[in-house]
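Below: the structure, in C-alpha cells.
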Amino acid sequence: MFDCTGLADLGDLAADEPQAREPGHKRAGVRLLERAIRCDYPGRIAVVSSFGAESAVLLALVADIDPATPVIFIDTKQHFAETLAYRDALIRVLGLTGVRSIGPLPAEAAAVDPDAELWRYDPDACCRLRKVTPLERALAPFDAWVTGRKRHQALTRSALGFVERAEGKTKINPLADWTAEELEAEMVARHLPRHMLSLAGYPSIGCATCTRAVAEGEDPRSGRWAGTGKTECGIHRLPVSIDTLSA
C-alpha cells in the first residue's frame, strides 16, 4: 500500500511554488495531484479532460500515479473528429483504463436543441446543455476533481490557484503554474502524441462549431466563441480559494 505519511497536506502543497525547476524535482502541483489521488480522495476523485491541445501532460502524470483513475470526457456531440481520435490515441498510449465519455441525454438534446443549432444564437444555453449539466451528473459521486487549467492560457486565468472549492467539491489545478514552454518540453521528453489541430493553429480546442484557429500573437483562447464575448463554457464556477476555508 502507498505510504501517505511522507506527503504534505493539500494546504501546504498549494502554498509551495518553487521557482527553481531542478532536474528530478517534483513540482508542487504534481505532488499535490499524487497526494489527492492516493491519499486524500482515493476512489473519490476524477480528472476532467477535454483531450485537447494541452491535455496529454496532465493525463500522463495521472497515468504515472494510477492509470485506473476516473477520467471524464464530455462528448458534446459537436467535437472535431480529430479530438475523438486523439482521445482514443491517448487512452491507448498512456494505458488509461478509467476513461468514461459522457454527454447530454438524448431526450434533453432533442427537447432543447432539436436541430443542433443552439450554439449559433445562445452559446451559453448550448454549453449548459452539452457540457455543464452532463458534468454535474458525472461528478455527483465524487468529492474532488482535477482540471488541466493553467495561468498562461488566458488573462481570466492568470490568478488561478492550485486548489479551489466550488459547488461543494475540491477542485485541483496541478498544472496551474506551468508555462507553455514547460508543457512543450514535457511533451517532447515523454514523446507524447499531439492533437492534430494543435499543429494547425489551434492552441485551445473546443467544439468544432465554436472554435477557430488563432493568429500569431493572439490570446491562446481567443479562438473559442470568437466574436461573442464568451470566454468560458461554464463548468468552472466562481471558486473559493482553499486558503479562505476554515480548518
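For the range 185-204, which residues satisfy the criterion of being in a loop (DSSP other than H, G, I, E, B) and over 23 Å from Ile74 (Cβ atoms)? Reasoning before the result, please.
Going residue by residue through the range 185-204, those that are in a loop (DSSP other than H, G, I, E, B) are 191-195, 201-204.
Correct list: His191, Gly201.
With the requirement that a residue be within 20 Å of Lys131 (Cβ to Cβ) and either of a type in the set (A, V, I, L, M) or assigned to a helix (DSSP H, G or I) (or both), what does the range 91-103 give you?
Val99, Ile102
Taking only pairs six or more apart or across chains, which ones have beta-carbon atoms under 7 Å, a first residue in the range 84-108 that is modelled with pLDDT of 95 or more, and a second residue that is acidic (Asp, Glu)?
Ser101/Asp75; Ile102/Asp75; Gly103/Asp75
Quick check on my filter: what residues within the range 205-230 are part of a loop (DSSP other than H, G, I, E, B), in contact with a helix residue (DSSP H, G or I) (Cβ under 7 Å, 6 or more places away or on another chain) and either of a type in the set (Lys, Arg) or at pLDDT 85 or above (or both)?
Matches in the range 205-230: Ile205, Ala213, Arg221, Lys230.
Quick check, is Glu82 more than 17 Å from the chain's Cα centre (by Cα), among the acidic types (Asp, Glu) and surrounded by 14 or more Cβ atoms within 10 Å (Cβ to Cβ)? Step through it out loud before you land on a result.
Details: more than 17 Å from the chain's Cα centre (by Cα): yes; among the acidic types (Asp, Glu): yes; surrounded by 14 or more Cβ atoms within 10 Å (Cβ to Cβ): yes.
So Glu82 passes the test.
Pairs please, first residue from the range 115-138 and within 16 Å of Phe73 (Cβ to Cβ), second anywhere and among the hydroxyl-bearing types (Ser, Thr, Tyr), Cβ atoms under 7 Å, 6+ apart in sequence or on different chains.
Short answer, once both residue conditions are applied: Arg130/Thr76; Lys131/Thr76.
Could you list, ordered by first residue, the pairs with Cβ atoms under 6 Å in which the first is in the range 173-189 and without any contact (Cβ under 8 Å) to a residue 60 or more places away in the chain and of a type in the set (Ser, Thr, Tyr) and the second is assigned to a helix (DSSP H, G or I) and crowded, with 17+ Cβ neighbours inside 10 Å, at least 6 apart or interchain?
Within 6 Å, the pairs are Thr179/His152.
Results for (1) over 26 Å from Ala180 (Cα atoms); (2) not small (Gly, Ala, Ser), shown as yes or no for each residue.
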site: Gly29; (1), (2): no, no
site: Cys39; (1), (2): yes, yes
site: Val48; (1), (2): no, yes
site: Leu59; (1), (2): no, yes
site: Phe80; (1), (2): no, yes
site: Arg120; (1), (2): yes, yes
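With respect to the numbered conditions (1) modelled with pLDDT of 90 or more; (2) buried (at least 20 other Cβ atoms within 10 Å of the Cβ), which one is the sole condition not fulfilled by Glu186?
In the conditions (1) modelled with pLDDT of 90 or more; (2) buried (at least 20 other Cβ atoms within 10 Å of the Cβ), Glu186 misses (2) alone.
Pairs, please: C-beta under 9 Å, at least 6 apart or cross-chain, first residue on the phi > 0 side of the Ramachandran plot and in the range 29-51, second among the hydroxyl-bearing types (Ser, Thr, Tyr) and at pLDDT 95 or above?
Once the first residue is on the phi > 0 side of the Ramachandran plot and sits in the range 29-51, its partners that are among the hydroxyl-bearing types (Ser, Thr, Tyr) and at pLDDT 95 or above give Phe51/Thr83; Phe51/Tyr86.
For the range 151-167, check the following and say yes or no: at least one residue is in a loop (DSSP other than H, G, I, E, B), at negative phi and modelled with pLDDT of 95 or more.
no
Confirm whether Arg190 is over 16 Å from the mean Cα position of the chain (by Cα) and basic (Lys, Arg).
Working: over 16 Å from the mean Cα position of the chain (by Cα): yes; basic (Lys, Arg): yes.
Taking the combined requirement at face value, the residue satisfies it.
Could you grab me the full set of residues in the range 55-103 that are of a type in the set (Asp, Glu) and closer than 21 Å to Ala36 by Cα?
To start, the set of residues in the range 55-103 that are of a type in the set (Asp, Glu) comprises 64, 66, 75, 82, 88.
Within the range 55-103, Asp64, Asp66 qualify.
The values are calculated or read from the model by the stated rules, or taken from the named source; none is laboratory data. Only a predicted model underlies this, so the values are computations on that prediction, with no experimental measurement involved. All Cβ positions, glycine included, derive from the backbone under ideal geometry; neighbour counts span all protein chains shown.
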